[in-house]
Structures are given as C-alpha cells and as structure tokens.
Amino acid sequence: MFAAERRQLILEMVRANGAVSLRELARVVQTSEVTVRRDVRALEAEGLLDRRHGGAVLPGGFTRESGFPQKSHLATAEKTAIADLAAGLVEEGEAIVVGAGTTTQELARRLARVPGLTVVTNSLLVAQALAHANRVEVVMTGGTLRGSNYALVGSGAEQSLQGLRVSKAFLSGSGLTAERGLSTSNMLSASVDRALVQAAAEVVVLADHSKLGTDTMFQTVPTDVITRLVTDEPPAHDDRAGTELQALADQGVQIAVAGASGNPGGDHVPARRAPLPGPRAPRREVPGALRAAAVVGEQGSGERRVADLRRR
C-alpha cells in the first residue's frame, strides 16, 4: 500500500472513531507501528489529526464519542485481557455495579461464571451478557435508552440508584489522566457514571493503554476516588503511557497490567498484575460513599514493573 493510501485510511479511521491506537492502525493498514507513527506525524503536520499518547485523535484536544459498532472493533485483544484480569477481582456472592462500555461488556461475559453475584447496571449489553447466567441476579436501572451505546441514562437512571450500596463499581470511559481522572464525551453518560460511583465502596476503572493521557469533556471519576486501574501493557515505545501509569500510582491508584497476547478467542489470555510501587502518596479526603477503600500494594517486582513502563 502506498503512503498516500495508508494515510487516507488512517484519517478515515480516526474520523470514524474519534481516537485510535497506533497498534490498531498498524493492524488495519497491515504495516509496522513505526511506519504508522510516521504517517500520523505527517497528518498532524497538515492539521488533519492530533497525536495522543500512543494513538491518534481528531484535532482539537478533546475526542468525540464514537458509537458502539466502531468501539467494538477497537483494541479487542486488550479489552479481552483487561476483562480476564478484572473478573478475578469479583468474589462469589458480591453485589456490584457495572457501567456501560465495550470493555465492561467483556467483563460481564466472564462474570456469568461467578455464583451468587448481583449486578446492577444501566447497560443493555451487560444485562444481555448475564441474562442466562445461573445464580447471577441482574438489576437494571430505569432511564431513557441511549442508542449509541445501548445504555440507560437520564434522571430515571440516576434516581433508581439512590440509596444503593454495593462493594465495587466497574467503569470504563473515553479517557483517563492522573490530573483529572476518568472522563467521557457525553454529559448524560457522565452523570449516570457519577451516580454509579456514589453507590460503591471501591471504584475499578477498566481502560486500555490508548485511553491513558486522553482527556475528554465530562469528568466522571476524579483520580482520588479511583481504587484500582486495570489496563493492558503499553507498547515498548509508548513512554508517556508509562509515565501516566506512574502518576496514577503516585496518587494512590493500584495498577493492574494485563497481558494482551495469547489465545485470540479471549477466554484464557495470560494476565499478570503490577502492584503499586510504595510508598504511595496519601489520598485526599472524599466524603461519604465516594471514599475508596485503601489498597495495599506489594513491593519488589511490581515496583520494578511500573518503573520499567515509565522508562519506555
């Protein structure tokens, strides 16, 4: 494929999806990430897109939200690995909330095997993944259906969550930074996600490496409320993603890094944890239900792990 054809295809992907990782661009155009990075630089010089922490986004700083059909085909291996690792955080008999998103949908498919589980969700896709699970109770919020991501939003969804208390909330989003926390591109979705967070003692964010360092319009979860981040391993050249992970860890977020290589079917992708380096910076005080439980990270190999990611 000639350079002009590659760049046109890259531009079309970014326009369709709002944000695309270099890894995904390289896979689609069937070339190396080095070549794709060169193409992205050229397109950025023309003002057609912006480079952003291991990927490319629409120009203007804040990415727009893409629909479910586009999201479902992005970073599929990474989402599978993240879901595998996150499912191990859920214990038999727990009550949890799970937000909308393609990564949380992958998580729900694995939660179907956890007996005695109660899952509260505003996502039709999460509910569908659990509909036939034995001994798993699914509780749907009220609200108005938002067709682009098959989620219930609005005052009905938020009111149905009042007075609810669960052990963990699992959320995804459009971007994650150490400075601002988790964010999304839609105001209604952000408002419901904040209500989900209010109901949980701990907040677990699921975000692949392409979202690290990306900031979108509406904040959903401040950094000091996030208990744990489950992400995938950034590419070797993505030093800014490693720096962002370290910055999140410094603010008290426990980092779990899942391996994205392995079985393409997604059921047995090998995963490994990267515990927090210590000591950690103290959390700022958060009132009431928003106070995330403190998590104690192991020392040693995890300390070297996050440091290695930062040096890349």
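Key figures for this structure:
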read-out: Net length gained if the chain between ARG165 and ARG180 were fully extended (0.36 nm per residue, minus Cα distance); value: 2.9 nm
read-out: Förster radius 25 Å - calculated FRET efficiency between GLN128 and GLU91, Cβ distance, rounded to 0.05; value: 0.60
read-out: Percent RCO, i.e. relative contact order, over region 1-51, from Cα pairs under 8 Å lying at least 6 residues apart; value: 35
read-out: Fraction of beta bridges assigned by DSSP in region 119-247 that are antiparallel (%, nearest 5); value: 45
read-out: Descending semi-axes in Å of region 181-257, equivalent ellipsoid built from Cα gyration tensor; value: 22, 14, 10
read-out: In nm, spacing of pseudo-spin labels at GLU44 and GLN30 (7 Å Cα→C-beta vector); value: 2.8
read-out: Mean separation of Cα contacts under 8 Å (6+ apart) over length of region 86-165, as relative contact order %; value: 25
read-out: Protection proxy ranking of 3-12, 23-32, 202-211 - average other beta-carbon atoms within 10 Å, highest first; value: 202-211, 23-32, 3-12
read-out: Heavy-atom accessible surface of region 70-132: percent carbon and sulfur, 1.4 Å; value: 49
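The values are calculated or read from the model by the stated rules, or taken from the named source; none is laboratory data. Everything quoted here is computed from the prediction, not taken from an experiment. FYI the Cβ positions are ideal-geometry reconstructions off the backbone, even for glycines, and counts take in every protein chain you see. Heavy atoms of the whole protein, side chains included, go into the accessibility calculation; ligands, DNA and RNA do not. Shrake-Rupley method; radii C 1.70, N 1.55, O 1.52, S 1.80 Å.
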